[in-house]
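One structure is given below, encoded as structure tokens.
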Amino acid sequence: MQQKEVKAVTVHEAHDVRCENHVVEWSDEEVLLKVERGGICGSDIHYYLHGRAGMSVLKAPMVLGHELIGIVEYAPATSGLLAGQRVAVNPSRPCRKCQLCEQGHQNLCRSMRFMGSAQFFPHVNGGFAQYVALDPQQCVPCQPDADPKRLVFAEPLAVCIHAVRQAGDLVGKRVLVTGAGPIGSLVIAAALASGASEVIATDISERCRHLALAMGATAAIDPRDEHQARLWREEGGYFDVCFEASGAAAAISSAVSFVRPAGTIVQLGMGAASVDYPVGSLLVKEIQLKGSFRFVDEFNIAVNWLENRKIDPFPLLSAEVGIHEAAQAFEMAADKARYAKIQIVF
Ligand SMILES: [Zn+2]
Ligand SMILES: [Zn+2]
């Protein structure tokens, strides 16, 4: 094992994020990456605000961050990677041995070691650090002229491409996206890139509705607009597919009335622990309800889509902040009324 002392962004407890010294260790079989940029994700914000993300509760300080891009500093000869090469980091480290992994559901692996996650103890550190050690399989090489500011969106875009695939063929379909934060907005772009004929977004925030339009949405509506909701409910439902990206109880239950019989709902938003759900409507309309969690090979597709400019993520980028101002960056990222994606520069 080799070691290096670096600066890293750690969370100690709710509302306590620090830029501090951290020791990175790496073996001969691992890649040492010099991190260029990282995007602050919803789960990072949850650890910052609540000391937990879903079921994962923080029990010790942890390095945050799983949306990363960097330059290879050291790579094992067998990895095919070269020092000086720019790579996008796939933060997933599934066991690759269990039945779920063998069936291609690596995202559902029960031994998944996902970067910057407190699911296990000791926690799996993230990559908001000047250097990070990785499995060579986590490193996806980028084209030499790739823009790191753009490519750092690969991880959240992978989440959205996976969701789009959960819905099946979108060509010519009418799509509803409820919740237009960073994930909802990338779903809008991914659905359009996948052939949807119409993509309508709903969000109670005016800023998010503007974001949805900037990402290509056909229209962006305030979900409290009862007149519009009535039109979508007519004749059993207007949309072929709904991507529920808000996690809000009202959006989750109303999706069933907006989707046509035999349509599909993909649940992406986490949040509401329990919902008063219209099971009867789901049943008589034979709506397919699907969960969507992280991604599998969609990470490589996301890198490709960003490099080929199939999707422009820049309307989402609200600010870039240096590593020493990390605490401030989290305060900004948590202020959803004003900011979408914040990138930390290392
Ligand atoms: Zn993320
Ligand atoms: Zn596994």
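The values are calculated or read from the model by the stated rules, or taken from the named source; none is laboratory data. Keep in mind the model is a prediction, meaning the values are calculated, not measured. FYI the Cβ positions are ideal-geometry reconstructions off the backbone, even for glycines, and counts take in every protein chain you see.
A residue that is modelled with pLDDT under 95, more than 14 Å from the chain's Cα centre (by Cα) and at negative phi occurs nowhere in segment 300-307. Applying the criterion of being of a type in the set (A, V, I, L, M, F, W, C) and either in a loop (DSSP other than H, G, I, E, B) or near ligand 2 (Cβ under 6 Å from one of its atoms) (or both) to the residues of segment 96-111, the residue that is nearest to G51 (Cα to Cα) is C109. Counting only strands (runs of 3 or more DSSP E) that fall entirely inside segment 258-346 and contain at least 1 residues that are among the polar types (S, T, N, Q) and under 19 Å from A180 (Cβ atoms), the qualifying elements are 259-267, 317-322. When segment 135-157 is filtered for residues that are within 16 Å of ligand 1 (Cβ to nearest atom) and aliphatic (A, V, I, L, M), the ones remaining, listed by number, are V140, L151, V152, A154, L157.
Screening F114 with (1) in a loop (DSSP other than H, G, I, E, B); (2) away from ligand 1 (no atom under 16 Å from the Cβ); (3) crowded, with 18+ Cβ neighbours inside 10 Å; (4) of a type in the set (A, V, I, L, M, F, W, C) gives one miss only, at (2).
Per the listing E5, E73, E36, the residue uniquely more than 22 Å from K336 (Cβ to Cβ), charged (D, E, K, R) and touching a residue at least 60 places away in the same chain (Cβ under 8 Å) is E36.
Summed over segment 44-61, the residues that are closer than 19 Å to R93 by Cβ, surrounded by fewer than 22 Cβ atoms within 10 Å (Cβ to Cβ) and either in contact with a strand residue (DSSP E or B) (Cβ under 7 Å, 6 or more places away or on another chain) or free of Cβ contacts under 8 Å to residues at least 40 places away in the same chain (or both) give a count of 1.
Looking across segment 131-163, just one residue is of a type in the set (A, V, I, L, M), within 20 Å of the chain's Cα centre (by Cα) and over 25 Å from R96 (Cβ atoms), and that is V152. If you check N125 against the conditions, is it of a type in the set (S, T, N, Q), within 15 Å of ligand 1 (Cβ to nearest atom), modelled with pLDDT of 95 or more and surrounded by 16 or more Cβ atoms within 10 Å (Cβ to Cβ)? So N125 does not fit the description; no.
Does G65 satisfy being in contact with a strand residue (DSSP E or B) (Cβ under 7 Å, 6 or more places away or on another chain), within 16 Å of ligand 1 (Cβ to nearest atom), over 15 Å from Q119 (Cβ atoms) and part of a loop (DSSP other than H, G, I, E, B)? Yes: the conditions hold for G65. Residues in segment 203-232 that are surrounded by 13 or more Cβ atoms within 10 Å (Cβ to Cβ) and closer than 23 Å to G280 by Cβ: P223, A229, W232. Each residue in segment 222-253 was checked for being assigned to a helix (DSSP H, G or I) and farther than 18 Å from A167 by Cβ, and 13 pass.
Being more than 16 Å from ligand 2 (Cβ to nearest atom), modelled with pLDDT of 95 or more, in the same structural domain as G322 (by TED's automatic domain parsing) and under 21 Å from C160 (Cβ atoms): is that true of G38 here? Answer is yes for this residue.
Out of R93, R165, one residue alone is of a type outside the set (S, T, Y), within 16 Å of ligand 2 (Cβ to nearest atom) and surrounded by 15 or more Cβ atoms within 10 Å (Cβ to Cβ). It is R93.
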